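Chemist: This is the structure I have questions about; it appears just below.
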Amino acid sequence: MSIVTNLKLITTAKCTAISPIMQRRNKLLAKVQEQLELCEAQRNQQTYAPKRIKTVTNKETGERMTVETVKRVKEWFWIAENGKINLAVKYGSKTLPLNKKGANAIELTNGTELIGTLHKLKDAVVAGEFDDAISEVSDATRKAFNK
């Protein structure tokens, strides 16, 4: 017990609830990271195929089992008619407004700039710059269910 007595011991309780703002921020942060990994894989001429665990029921036997499947990741970016890359930030299936004027995409010149911009977007999400846009989209989605 001499090792334990030399440690700094405290009494604490683990916080079990995360604020809705932090939950939304973490969700968007995970999706931005997914896009970043997708871009890195494409730059290295590899396929990005994240795995997920899915529970399925066998129709014949009724037995439930877990299988590993490939998760589908939709790209947030595309090449426009002018040859530049456009990047839209999405929360769920909705595109987030990027400013008060209604801009919904970022124009980029190449893949390196795309990866750099995604890193900047991660920092912006952590700093809370998208909180208003996320809550606006979330409120609109919630109101659509209450019709």
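All of the numbers you see were taken from the coordinates with simple rules; none came from a lab. All figures in this text were calculated on a predicted structure; none of them were measured in a lab. All Cβ positions, even for glycine, are placed from backbone atoms using ideal geometry, and neighbour counts span all protein chains on display.
Chemist: For region 119-128, does any single residue satisfy the condition of being within 17 Å of A30 (Cβ to Cβ) and either in contact with a Cys (Cβ under 9 Å, 6 or more places away or on another chain) or among the aromatic types (F, W, Y) (or both)?
Modeler: Taking every residue of region 119-128 in turn, none turns out to be within 17 Å of A30 (Cβ to Cβ) and either in contact with a Cys (Cβ under 9 Å, 6 or more places away or on another chain) or among the aromatic types (F, W, Y) (or both).
Chemist: Still on this structure, I have one more. Out of region 54-73, which residues are surrounded by fewer than 10 Cβ atoms within 10 Å (Cβ to Cβ) and either within 18 Å of the chain's Cα centre (by Cα) or of a type in the set (K, R) (or both)?
Modeler: Listed by number, the residues that qualify are K59, R64, R72.
Chemist: Still on this structure, I have one more. Return the pair list, or none, for Cβ contacts closer than 9 Å from residues in region 59-76 that are over 20 Å from G92 (Cα atoms) to residues that are of a type outside the set (V, I, T) and assigned to a loop (DSSP other than H, G, I, E, B), at least 6 apart or on different chains.
Modeler: These pairs meet every condition: R64/N58; M65/N58.
Chemist: Just to confirm my filter: which strands (runs of 3 or more DSSP E) fall fully inside region 1-90 and include at least 1 residues that are farther than 21 Å from V125 by Cβ? Give the derivation first.
Modeler: On the way: elements: 51-57, 64-70, 77-79, 85-87.
Where strands (runs of 3 or more DSSP E) fall fully within region 1-90 and carry at least 1 residues being farther than 21 Å from V125 by Cβ, they are 51-57, 64-70, 77-79.
Chemist: Check V32 against each of (1) free of Cβ contacts under 8 Å to residues at least 60 places away in the same chain; (2) within 27 Å of T141 (Cα to Cα); (3) surrounded by 15 or more Cβ atoms within 10 Å (Cβ to Cβ) and name the one condition it does not meet.
Modeler: Failing condition for V32: (1).
Chemist: Right, here's the next one. Output the residues belonging to region 14-46 that are small (G, A, S) and within 22 Å of T117 (Cα to Cα).
Modeler: Correct list: A30, A41.
Chemist: Scan region 94-147 for residues that are out of contact with any Ser or Thr (no Cβ under 9 Å at 6 or more places or on another chain), free of Cβ contacts under 8 Å to residues at least 40 places away in the same chain and not in a helix (DSSP H, G or I) and report the count.
Modeler: 14
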